[in-house]
Amino acid sequence: MATPNGLVMPAMGQQEDGGGFDIKGLGRMLRRRRKPFLIGLILITGLQVARTLHERATSPVYEGEFTLMITDPINDRPGNEAGQQLGGAFESLARNTASIDVPTLLRVLQSQSVIGPVYEQLLAEGVEESDLPQLSVEMVRADDSARGVTTMANGILRVAGRGSDPQLLGRGLNLTEQAFLNWSTRQRQERLRDGLEFLAEQEPRLRATTDDLQRNLQRFREANTLVEPTAEAQALLNQIEQLDGQLKAQEGEQLRLQELRADVSSGRLSARDFRIAGAEGPRGIPVGGVGSTATGGGEVSANLPNQALLDELQRLEQEIAQAEANFQPNAPVLVSLKASRDKLLPQLRRGELDVVDAALRQNANAMVTTRAQIGRIANQFRQQPELLRQFEGLQQQLQIADGNLESYLRTREQFQLEVAQQSTPWKVISPTEVGNIPVEPSLRAGLTQGLLFGLVGGFALALLRERFDHVFHSPQEVGQELNLPLLGHIPYVEFFDGVRRDKRFLLSELDQPREIKASNQHFTYKESLRNLYTNLRFLSTNKPMRSVGITSSLPSEGKSLLIVLLAKTLSEMGQRVLLVDADLRKPHIHSRLGLDNGNGLSNLLTDEAADWRDVVQPVPNYPGWTVLSAGQLPPDPPRLLASERMAQIVQDLATSGGFDLILYDTPAAQGLADAALIAQHLEGMVLVVSLDHVNRDLPARSLERIRASGAPLLGVVTNARRRSSEQDLEYAPYGIGTVYGHYTGLDDDDADTDGRTSGSKRRLKRLGTQVTTWLDR
């Protein structure tokens with residue numbers, strides 16, 4: 001990740017603070033070790049695919065199958081649903097339709113008694129036992145998920161076979177198909193014969209039961225004089241309803257007669273209102289004189305009490321009417337006629353009352369007779385339900401017995417018909433079919449297994465390479481591992497190889513750069529150093545940074561050579577640079593530059609009166625570049641470096657105003673306290689990390705030691721010690737090196753310091769290095 005000032009920052013947050021599995025770290029490892037991973041993947045996958053192809057050519061496995069639509073020969077038969085509708089429960093008992101589960105049927109079909117004859121026939125035809133096909137039986141769809149059990153209703157039976165010979169496999173499947181059909185037919189015939197035997201045992205009992213019930217019904221009818229109790233009970237109910245209607249009519253007639261008598265008693269009726277017997281009175285009731293009678297229908301017939309009196313009354317009425325027309329109301333004739341009429345009226349009223357009373361008595365007697373008839377018939381009707389219940393019970397038992405007998409006769413006839421037919425209950429849905437392409441070993445499965453094994457093997461190979469390779473291979477790895485800004489990347493220039501080993505005078509060769517210019521390496525390393533200086537300036541924009549120390553984890557990481565080249569480059573850029581050799585144990589700066597080391601930093605530290613201006617030395621031909629060498633080697637460097645005198649010297653140099661930048665070359669941070677002691681006096685420290693050389697754990701430990709001193713860590717600079725891949729180049733600051741091809745880096749401490757390594761060993765080592773380099777690119 002690039003900062004606004006151009007620094008390359010590591011990707012943060014690769015792993016949670018609380019730990020856990022570092023997915024991104026694993027991804028980085030696989031990217032670093034992609035070649036071992038791909039080699040393992042391709043090699044193992046190729047071997048597995050080759051093995052699959054070899055087995056497919058030498059030991060192929062073919063597959064065939066056939067399917068059957070089955071109705072269980074133990075429980076079902078063709079047309080069983082319709083047959084059970086006719087035969088009912090009796091047929092179910094005869095067939096003994098107890099359900100069994102599918103696993104039981106499958107075990108029976110694969111038993112020796114069913115499938116054994118198939119293998120025996122194949123062996124008899126000369127087939128080797130090892131070449132016999134392997135057969136399997138399964139139900140395609142035979143589950144009842146609602147009940148949680150497996151049934152066989154409308155099931156499809158699939159029989160599959162596997163073998164190395166397709167013709168033999170087809171022969172075995174054909175024989176198995178015929179064996180299953182024959183077995184189902186035998187099972188069905190056996191069950192039908194058992195059913196017939198069961199039915200024959202039930203016939204005498206069924207017929208005896210029917211005869212007994214018929215006799216019981218006959219005796220019941222004779223004992224109760226009943227033919228159809230239901231019809232007779234309905235007739236009694238109709239009579240009761242008819243008599244209830246007649247009683248209501250009589251009660252109404254009684255009320256009307258009572259009202260008539262009240263009218264007669266009050267004088268509202270007279271003889272003039274009566275007519276001859278059979279005529280209706282003013283209230284619609286036939287009335288008459290004395291001797292009236294009531295008919296059975298509720299009508300009253302009355303005889304006239306005295307016809308002479310009625311005639312006389314009528315005559316008097318006529319005469320009164322004539323007299324009223326001819327005489328005054330007080331005329332004697334009119335008064336005499338009215339007196340005669342008034343004497344005649346009481347006699348007629350008494351006759352009328354006698355007729356009405358007689359009618360009332362006669363109607364009351366008729367009501368008593370009707371109620372008695374209703375009670376008698378109702379008592380007779382109350383006895384009918386019990387008789388009806390007994391009759392219906394006997395009749396229902398007889399109907400059940402007749403139904404059972406009829407079901408028995410139908411079932412027996414059906415069973416006899418099926419035994420004669422000898423039909424096969426199972427039907428072939430798809431006949432035997434054997435594929436002409438091997439199914440095993442499967443190319444897809446082989447490729448999938450190869451890829452899986454290849455992924456695991458490639459990962460293991462990459463992990464193994466990572467396990468035995470404890471160095472950094474790219475600037476990006478360093479930045480991500482240390483979580484510090486990547487200030488720069490120094491390419492490995494072949495010209496610098498063996499500088500320390502051969503103790504060459506570096507500046508004299510750099511001033512004659514025709515050899516390194518031939519491959520543009522001169523410009524490459526200078527540009528990378530300019531970028532390093534630019535990044536250092538960007539780290540402190542408010543206040544210029546004066547004192548910067550450069551250290552490394554181990555010696556021979558190119559630290560001293562780097563600081564010499566950086567000072568030279570800054571001098572050529574017009575900067576005033578002071579290079580301080582703070583390595584009081586094995587100083588190298590003076591030998592690199594061809595300077596005198598008689599007086600230096602150690603002299604200033606031991607002599608407080610000494611002035612640094614008297615000790616610093618200018619570098620010939622490089623104006624602005626001054627060097628403070630290490631001086632004489634002291635017996636106790638840590639004591640001097642931790643002294644206040646050291647802090648004073650650093651402060652005086654920084655505040656003198658004579659230098660734009662002061663670079664301190666410190667000893668390696670691992671194993672010595674010198675670097676940490678010097679760092680506490682400086683404004684910042686830069687850690688040099690050599691790629692493909694230093695152990696990955698050492699830079700982190702060095703940083704911990706420096707942080708403990710309290711000095712700020714400015715960042716890291718990577719130094720390539722051998723050719724790096726183009727992937728490394730793209731992480732160099734501003735892309736340095738991508739234009740100029742592969743580059744190699746600084747090396748000021750070759751392992752063969754004594755030069756005594758034999759040529760063969762060096763070639764072998766070079767070959768190993770080339771192989772590992774190729775793997776890690």
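The values are calculated or read from the model by the stated rules, or taken from the named source; none is laboratory data. Worth saying up front: this structure is predicted, and the values here are computed from it rather than measured. Glycine gets a Cβ as well: all are built from the backbone with ideal geometry, and neighbour counts include every protein chain shown. Side chains are part of the model used for accessible areas, which takes the heavy atoms of the whole protein and leaves out ligands, DNA and RNA. Shrake-Rupley method; radii C 1.70, N 1.55, O 1.52, S 1.80 Å.
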Net lengthening on full extension, Ser265/Glu324 (0.36 nm per residue, minus Cα-Cα): 18.4 nm
May I ask you to compute the full-extension gain from Asp652 to Glu201, defined as 0.36 nm times their residue separation minus their alpha-carbon distance, rounded to one decimal in nm? 149.3 nm
Label-point separation in nm, Arg193 to Ala460, each point 7 Å along Cα→Cβ: 6.5
Report the FRET efficiency, 1/(1 + (r/R0)^6), for Leu237 and Asp354, where r is their Cβ-Cβ distance and R0 is 35 Å, rounded to 0.05. 0.25
Label-point gap, in nm, between Gln110 and Ala331 - each point 7 angstrom along Cα→Cβ: 14.1
Past 21 Å, Cα to Cα, is the threshold; run Lys526/Lys559; Lys35/Lys526; Lys526/Lys568 against it and keep the listed order. Lys35/Lys526
Computed label-point distance, nm, for sites Leu633 and Leu345 using a 7 Å Cα→Cβ extension: 18.1
Can you check what the net charge comes to around Val434, using other residues whose Cβ is under 15 Å from the Cβ of Val434 (Lys, Arg +1; Asp, Glu -1)? -4
Given the alpha-carbon gyration tensor of region 374-451, what are the semi-axes of its equivalent ellipsoid in whole angstrom, ordered largest first, with each equal to the square root of 5 times an eigenvalue? 75, 24, 7
What whole-number distance in Å separates the alpha-carbon centres of region 334-375 and region 204-248? 50
Report the per residue volume, in Å³, of the convex hull enclosing the C-alpha atoms of region 336-413. 103
Rounded to a whole number, what % of the accessible area of region 360-471 do carbon and sulfur atoms account for, probe 1.4 Å? 57
Note, Thr666: beta-carbon cut-off 9 Å, +1 each Lys/Arg, -1 each Asp/Glu, net -2
